[in-house]
1. Top mean-square fluctuation among F33, F137, F189, Gaussian network model of the chain, C-alpha springs under 10 Å?
2. Residue separation times 0.36 nm, minus the C-alpha to C-alpha distance between N82 and E96: what's the value?
3. Please name which of W152, I192, N222 has its Cα lying farthest along the dipole of the chain towards the positive end, using unit charges on Cβ (Lys, Arg +1; Asp, Glu -1) and the Cα centre as origin.
4. On a straight-distance basis, which lysines could pair with K158 in a cross-link, Cα separation under 29 angstrom, same-chain partners fewer than 8 positions away excluded?
5. Provide the per-residue ³J(HN,Hα) series for the range 21-36, in order, calculated from phi with Karplus coefficients 6.51, -1.76, 1.60 and θ = phi - 60°, each as a whole number of Hz, with x at glycine and proline positions.
6. Using only the alpha-carbon atoms, how far is helix 105-119 inclined from the longest principal axis of the chain? Give it as 0 to 90 degrees, nearest 10.
7. Name the residue, out of G319, G302, G95, whose mean-square fluctuation peaks in a Gaussian network model built on the chain with Cα pairs under 10 Å.
8. Below 8 Å between Cα atoms, with a sequence gap of 6+, how large is the relative contact order for the range 14-64 in percent?
Amino acid sequence: MNENLAQLKNQAMNGLDLIKDLAGLDAFVLKYFGRKQGQLTNILRSLKNLDESGRKSLGKEANEIKIEIWHLIDQKRRSIKNAGKKEFIDLTADGEKPALGHLHPITQMEREIISAFKEMGFAVMLGPEIESDYYNFESLNIPKDHPARDMWDTFYIKNDENRSIDRLALRPHTSPMQARIMEKYKPPFSVIIPGRTFRNEATDARHEHTFYQVEGLVVGENISAAHLKGALTRLLKLLFGDKIKMQFRPSYFPFTEPSIEVLMSCIFCSDADKVGSEPRPERRGGRGCAVCSYTGWLEILGSGMVHPKVFEYAGYPKGKYSGFAFGLGTLRMAMLKYNIPDVRMFYQNDIRFLKQF
Ligand code: FA5
């Protein structure tokens, strides 16, 4: 920038800072922009004496400075005028309502399941998401190299080359808490353990790599399969209404014997009002639809009577206690409850989806 211009600009800026009233500001305007003696006016006027290239470059710079200083003069004028005025706040004006967030549907579902169990007298406990091989598998009667390990596609912690029972993994189910609780507490007790679980599997409409389970464990003297049936029936009626029907079928888990899988009549195709009026109501859930693969039934959880080996690992005296355990999928419950066709929608964070809950 031209040296004279730069000096003038500095001088003007400093001068402007010191001005305190409108009279001072008027004098400032006259000093720099006055028609006869204004310093910047003089420079602009002298442009006509320069050759074309000098005129162009100096003219451009002088104009830029002129615009900049006028902008500051306007600001100064406003601030002088407003100084001393009190801010006015209209307390009666309508406010703007901030948008309120709410709990994620998975959390809502989890809390609903928890409160149903609390009503039945269950305690609630939480466990670690990173677990040792001992709790994930060994203590549940699944020794190393047991083929049943294929039922849980596990994410092992990288760099943990350890092949012992200390080997760490993201827990593939909430069942490791069974042994942790039995080691610590003496029966009788009834506990649920809600929590996040992880499996190394490809995602599809019904499977996520990160999902949620609610584990249940009831141990005491003389606990029978009737107690298991009673608790799970109560749960599903609290969540889905009195009219749903249930089926208990044999299944397999290494840590329960017998193992029982629980199915619920498909709420998408069962005609609730007609339940009971069909010729053999125990044989039919719903009429059949795509959600239940045209069977009328939906599989919702795995369960069974605690295997004697599991009591043995926990150090309980042989034959003294009996109990039942179950593991239900919170996402699967939420899909049924809210009629969601694809589990992946829960994680997409689409505000239009989430706002519906
Ligand atoms: C188990 O994980 C056993 N630990 C359950 C159990 C506990 C049995 C105690 C006996 C006694 P399973 O792999 O079937 O079982 O999973 C239980 C439930 O978790 C399933 O019914 C399903 O609802 C849910 N689930 C399993 N894998 C996924 C997944 N990838 N995405 C979403 N939900 C899943």
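The values are calculated or read from the model by the stated rules, or taken from the named source; none is laboratory data. Because the structure is predicted, anything quoted here is derived from the model rather than measured. We place every Cβ from the backbone using ideal geometry, glycine too, and count neighbours over all the protein chains shown. Only protein heavy atoms, including side chains, enter the accessible area calculation; ligands, DNA and RNA are left aside. Shrake-Rupley method; radii C 1.70, N 1.55, O 1.52, S 1.80 Å.
1. F33
2. Working: separation 14, 0.36 × 14 = 5.04 nm, distance 2.67 nm.
Additional length available on full extension: 2.4 nm.
3. My answer, from the dipole projection, is I192.
4. Leaving aside lysines fewer than 8 places away in the same chain, those within reach of K158 are K144.
5. Couplings: 9, 5, 5, x, 5, 4, 4, 5, 4, 4, 4, 9, 10, x, 5, 8 Hz.
6. Long axis of 105-119 versus the principal axis of the chain: about 40 degrees.
7. Fluctuation is largest for G95.
8. Values: 27 pairs, mean separation 9.6, N = 51.
Value for the range 14-64: 19 percent.
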